[in-house]
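Chemist: The structure follows.
The values are calculated or read from the model by the stated rules, or taken from the named source; none is laboratory data. Just so it is clear, the structure is predicted and the values come from calculations on it, not from any experiment. No Cβ is skipped: glycine too gets one built from the backbone with ideal geometry, and neighbour counts run over all protein chains shown.
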Amino acid sequence: MANIYMPYLFTNELFESFTQEVKDTFKEFNIVYGQNIKSFDEKQLVLRNNKSISRGNSSNFNKFLDVITKTCIGKDGSGVSKSYAVSAIKKATKKALAQNSDMHDAVGVMNKHDIAFIARKKDVNLRSEIDNDNIFIDDIQGFILTQIGECSLHPEIPALKIICSGNSKVSKYLMYIYIKSLQHLNHDIGLLELAGSYKNAAGFCLYNKFGFREDSTLDHNDCFHEGVTGGTLAMRVDLTDAGLINDLDDVLLGNKNMVELKTTTQTSEPMCDKDRDIGNAGSHEQNEYINIRTKNRKYLKDLFDRYDEDEINELLTENDIDLDILQGDGVSDINYALKELIEKGKIKAVDYNEELNEKKKKRKRSFSSSTSNSSSSENKHIFNKKYKAKTMKYKAKKKKYKAKTLKYKAKTKTKPMKYKATLKKKKGLSLSSSSSSSSSSSSSI
């Protein structure tokens, strides 16, 4: 991609293009454009004019960042990490702060980021001309940050990098500003990377409301590379869709619940439908649904990583997807089959409350059970055979022992008679020997 200077995305010209009803609804807020920031410290953003408050304090970037990134991390721990937000904000503010210097164009080439803040307006009775030129940090309600070229597959598109706000009204306003800024510059699509994937339900449903849909073809090393491993989730919006063009203002103003897309084949996210059990934020049903979607995504990514062609073909056939989809577009390595299967998995998770590979798991369990039964039967047969052999061996030993016992008893029965005869014989010899000894003794004396 050529290193060219990128213009600012968020401008007052953009704001002036909003309808009067939108301006009136959000008149309590100021949009602070990154290009209008002259400097900042731990207390305030100073805008570009000479009527700034002089504080005499040196800039405390850490304090500034700490305050404005507080809302980036969701209550459940999902959302944008503080370190990620801080890194992006530093790059976005460099271009703005380098204005009116020789380095501005060079910084604009290196840092293709843009940023805008939403701040509360001062009380009309307390407001002064000087106050209007200084936005106090504590008044900042949220911010939006984009990066041109974050996705190399679409190098000209300013991708939505961060939206942070603890105020749902402000979050919707920031989302609206992003879409309108792209339409203002005649872009056809918008891109974003959802931190936390499905578990970041609040962010997921905000983007779904404004027409974004999951798009795994952007989970690519040349685009949102973290999505390749499943850490984030890529989303895309078609800015030319008639439903988006017609419904955008009504969704922002609360007249419609969400944009009703006309041209996409992808359905809206069921977990964002509050009329469903799975649409209740933080409910057991929603958590179960998120678990199924997460398992589906992991299974599919693992399947295509190892590329088991037989299993892939079987899965596509089961879900009525033409096998020709595996040929792709014939030019790139974009995996359209994965995208279609993720969409099928979304529907199956709602309609049947089961995972995409449920049939395979059932077959595996059935085979495992059959193998286990077969093994059990075989082991039992072997055991019986061994037991029978041992029994026969034991009976043979017992028979042999019985024969020995009978033989011993027979010997024992004849032994007393023989013993007596032998004893009698021995006695006779002993008496004769004793007489002879006595005779000998007498003669000696």
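Chemist: Taking the residues in region 134-186 that are of a type in the set (S, T, N, Q) and more than 27 Å from the chain's Cα centre (by Cα) as candidates, determine which candidate is farthest from Thr25 (Cα to Cα).
Modeler: The extreme case among them is Asn186.
Chemist: Residues of region 257-284 being of a type in the set (Lys, Arg) and touching a Lys or Arg at 6+ places or on another chain (Cβ under 9 Å), which ones?
Modeler: None - no residue of region 257-284 is of a type in the set (Lys, Arg) and touching a Lys or Arg at 6+ places or on another chain (Cβ under 9 Å), so the list stays empty.
Chemist: What single numbered condition from (1) surrounded by 14 or more Cβ atoms within 10 Å (Cβ to Cβ); (2) of a type in the set (S, T, N, Q); (3) over 25 Å from the mean Cα position of the chain (by Cα) fails to hold for Thr232?
Modeler: Result: Thr232 fails condition (3) only.
Chemist: Checking the condition part of a loop (DSSP other than H, G, I, E, B) and of a type in the set (A, V, I, L, M, F, W, C), which residue from Met258, Met271 passes?
Modeler: Working: Met271 fails: part of a loop (DSSP other than H, G, I, E, B).
Every option except Met258 fails the conditions.
Chemist: Could you check region 314-344 and list, in sequence order, the residues that are among the small types (Gly, Ala, Ser) and closer than 11 Å to Ser216 by Cβ?
Modeler: Selection gives Ala337 alone.
Chemist: Same structure again: Report the residue count in region 232-275 for those that are closer than 12 Å to Gly211 by Cα and of a type in the set (Lys, Arg).
Modeler: 2
Chemist: Here's a check for you: in region 241-293, which residue that is under 30 Å from Val22 (Cβ atoms) and hydroxyl-bearing (Ser, Thr, Tyr) is modelled with the highest pLDDT?
Modeler: The residue in question is Ser268.
Chemist: Restricting to region 180-206, give me the number of residues that are part of a helix (DSSP H, G or I) and over 19 Å from Gln141 (Cβ atoms).
Modeler: Residues flagged as part of a helix (DSSP H, G or I) and over 19 Å from Gln141 (Cβ atoms) within region 180-206 amount to 9.
Chemist: Do we have any residue at all in region 136-153 that's in a loop (DSSP other than H, G, I, E, B), out of contact with any Cys (no Cβ under 6 Å at 6 or more places or on another chain), modelled with pLDDT of 90 or more and at negative phi? Can you show your working first?
Modeler: Going through region 136-153, the residues in a loop (DSSP other than H, G, I, E, B) turn out to be 149-153.
Next, only the ones that are out of contact with any Cys (no Cβ under 6 Å at 6 or more places or on another chain) stay: 149-150, 152.
Restricting the remaining residues to those that are modelled with pLDDT of 90 or more gives 152.
Applying the additional criterion that residues be at negative phi yields 152.
Taking every residue of region 136-153 in turn, at least one turns out to be in a loop (DSSP other than H, G, I, E, B), out of contact with any Cys (no Cβ under 6 Å at 6 or more places or on another chain), modelled with pLDDT of 90 or more and at negative phi.
Chemist: I want to confirm something. Restricting to region 239-285 and keeping residues that are of a type in the set (Asp, Glu) and closer than 17 Å to Leu192 by Cβ, which single residue is surrounded by the fewest Cβ atoms within 10 Å (Cβ to Cβ)?
Modeler: Asp241
Chemist: If you take the residues in region 183-197 that are modelled with pLDDT of 95 or more and buried (at least 22 other Cβ atoms within 10 Å of the Cβ), which one is nearest to Leu153 (Cα to Cα)?
Modeler: Among those that are modelled with pLDDT of 95 or more and buried (at least 22 other Cβ atoms within 10 Å of the Cβ), it is Leu191.
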